[in-house]
Amino acid sequence: MKSFAREVFAIVLLAALSGCANYHVGSSIPKEKRTIAVPTFENASGHPLVEVLTTQAVLAEFRREGTMRIVERENAALEVTGRITGCKLDAMHLDHDHPYLAVEYRLTLTADIKVYERASGKVVAHLGNVTGDDIFRTESDLPSTERDAIPRAAARLAKTIVSETLMAF
């Protein structure tokens, strides 16, 4: 009976270890490419300050994620550039008693993102149009509530930008 238990244990151990065969800890980005600069994005949305909030959110997300070290542009191996191309507000749900009054909205930020290799100027990743959104209910007036939703949409946009930047390597 003991030999059967050992055989079962050996099979289970082999199965568990084979599942981890291709797993590695760390990043696939070479160490010499792990410094990044994120200059303030361009704003083509017509919505004031959205580029500043989005750039700050991207920097915060890179810091939180931890793979890349944020440095000044001249010391960076990579540079993320962005152009905010849209800040769109869509009505999601209407008030049952007032069919022309929306009570829930979606704010969507859209950005065109490129990652450059600083030394060569070569585009290493063109992420294209990346979006981040926030769904919110109007609590008081729409402009104030919309203003509060922009940082949340920028944070979601930043998560996508950082994730896709890291997956490009």
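The values are calculated or read from the model by the stated rules, or taken from the named source; none is laboratory data. What you are looking at is a predicted structure, and each value in this text was computed from that prediction instead of being measured. Methodologically, a virtual Cβ is constructed for each residue, glycine included, from the backbone with ideal geometry; neighbour enumeration extends over all protein chains shown.
The residue pairs whose first member lies in the stretch 110-124 and is more than 14 Å from residue 169 (Cα to Cα), whose second member is small (Gly, Ala, Ser), and whose beta carbons are closer than 7 Å, counting only pairs six or more residues apart or on different chains, are 110/86; 111/82; 112/82; 112/128; 113/82; 118/76; 118/77. A count restricted to the stretch 37-73 and to residues that are of a type outside the set (Gly, Ala, Ser) and assigned to a loop (DSSP other than H, G, I, E, B) stands at 11. Here residue 69 meets each of (1) crowded, with 17+ Cβ neighbours inside 10 Å; (2) under 19 Å from residue 36 (Cβ atoms) with one exception, condition (1).
For the stretch 60-73, a tally of residues being in contact (Cβ under 8 Å) with a residue 40 or more places away in the chain and of a type outside the set (Lys, Arg) returns 6. Counting the residues of the stretch 36-50 that are of a type in the set (S, T, N, Q) and either more than 28 Å from residue 169 (Cα to Cα) or in contact with a Gly (Cβ under 8 Å, 6 or more places away or on another chain) (or both) gives 1.
Yes/no per residue for (1) at pLDDT below 95; (2) among the β-branched types (Val, Ile, Thr); (3) surrounded by 14 or more Cβ atoms within 10 Å (Cβ to Cβ):
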site: 8; (1), (2), (3): yes, yes, no
site: 63; (1), (2), (3): no, no, no
site: 100; (1), (2), (3): yes, no, no
site: 114; (1), (2), (3): no, no, yes
